[in-house]
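Enquirer: Take this structure first; my questions come after.
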Amino acid sequence: MFLAIKLERKNSLILHLIHTSSGQSLNRERKVRDLLLYLQLRTSNYRSEKIYLHQGAQDFWNGWFRKIRLVEALRMEARTKQLVEAEREHFLSQLSQLIPNFDPSMLKPRISQSPKNPMSDKASCSGGDVRSLYFEDDTAKNGKHQEEKKNEGNQDEEKNEEKKDEENEEEKKDEENEEEKKDEEKKEEKQDKKEKEDEEKHDDQVIKVVDYSNMEAPSSLKSLCRYVETTLVPQDKTLNFTIDKEVFGLERDTFVLPEDITQFAGMEEIGATVVAVYMRYLHDLLKQANMCSMVGFIDPGTVSANSGTIADGSRLVAARLQKTDGEQIFMMPYNPGRHWILLIVRAKRKTVYFLDPLPGNRVVDEEGKNIVNSAIKIYNSHIARAGRKAVIWKTLSGTPKQPSSVECGYYVMRFMRDIIMDPSLEFEKKYAKGKQEAPYPQEAIDEVRNEWAEFVCLHME
């Protein structure tokens, strides 16, 4: 702002001198020329610092440069006239020396009438040095040519400035893009670092859980934990099982993760995979006792919460029921959300038994109830069996009760084991109300854990 004001003040003085110098002495014109030269030097500073000038100052300087170019053109024209006049006088003096009685006034009117076309006097000047006749025209052309060059130079400078501005903008954009890329790379590095830390924490947790030296667990489960620590975790592997079609009605593959094993060893909450693997073991016991026609299983992974819609669950359960003669009982572990219960279905009798390891007056989850009711309805319509329409639900409250909130899965596994170990299948009497509500001893739960671990070790691929 200061630079613009300062130059404006000087500029007002310069314009005043330019207007008053018209027709004045050569000394005044020389002063103007010197002042113009000074301002031309200042112009370079203005161009290099133009980005700091406000818009009004830029408009003013553009108009001022146009006036400067006009003044220089007038100065060149005046200078050209002086040179032509001096050259003409010199030429006439030479003619006077060469031609006796030569009167210079004879040529003055003709030359002054057409100073820009001296070739019209060429015939009257034969024998003389005609090169001076071209001088005035050439000088005018040179002046015009110089002015055009200056204009072109100014245009080139403006184009160069615009080009520089564009290059600066492109550089800024490139810098911004590079900064964005750097930010993205930093975010990715942070994310990778976080994932790596999470993996390390996960690994640390797994190794910490499988501290089998202080673990109160069956020996087979400790051996399985050693395998997790030395093989599964370092190699990022899982245990793969194929559950035969006879177990759940459909053949399927299941994968036991290292955390499934460590959670089971640490008496923590367990998922559907652990329960399904134990049901696969119980199926072998049923085959040994020739009881497969009496007891069947429904896959807990297909009916528990978040495994599909009620309609999907009903169709799967109905399909499982249709593959029997109707006299079988079907054990269906069900998890409505962080809690395991056991449902025993007698499809032909339209009766369902409800076993809950939690103490108190428990009721069946509505979603699980709807799944089973719809499945029994589909089953009876398939076999075209008439009879009562409503399904009977019976609560067997005389089951052992878990001491805390994490043993429900282990208790459901033990319920299934106890039921199939009785060939009479009189579980309704066994778990009637008031029979036994005390918790299982830890030895009974460890027996289930040991059987599960031995079965997994036997079928490891």
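The values are calculated or read from the model by the stated rules, or taken from the named source; none is laboratory data. No experiment lies behind these values; they were computed from the predicted model shown. Every residue, glycine among them, receives a Cβ derived from its backbone with ideal geometry; neighbour counts consider all protein chains shown.
Enquirer: Being within 53 Å of the chain's Cα centre (by Cα) and outside any loop (DSSP other than H, G, I, E, B) is the requirement here; does G368 meet it?
Expert: Criteria met by G368.
Enquirer: Quick check on the range 348-369: of everything there that is over 18 Å from V412 (Cα atoms) and at pLDDT below 90, which residue is surrounded by the fewest Cβ atoms within 10 Å (Cβ to Cβ)?
Expert: R349
Enquirer: I would also like to ask the following. Every residue in the range 298-312 that is modelled with pLDDT of 85 or more, more than 23 Å from Q328 (Cβ to Cβ) and among the hydrophobic types (A, V, I, L, M, F, W, C), please.
Expert: Residues satisfying the conditions are I310, A311.
Enquirer: From the list R338, R315, pick out the single residue that is at pLDDT below 90, surrounded by fewer than 23 Cβ atoms within 10 Å (Cβ to Cβ), more than 21 Å from R417 (Cα to Cα) and charged (D, E, K, R).
Expert: R338
Enquirer: Tell me, please, whether a residue that is surrounded by fewer than 23 Cβ atoms within 10 Å (Cβ to Cβ) and of a type in the set (S, T, N, Q) can be found in the range 326-335. Before you say what the answer is, go through the steps one by one.
Expert: Of the residues in the range 326-335, the ones surrounded by fewer than 23 Cβ atoms within 10 Å (Cβ to Cβ) are 326-330.
Then keep just the ones that are of a type in the set (S, T, N, Q); that gives 328.
The answer is yes; a qualifying residue exists.
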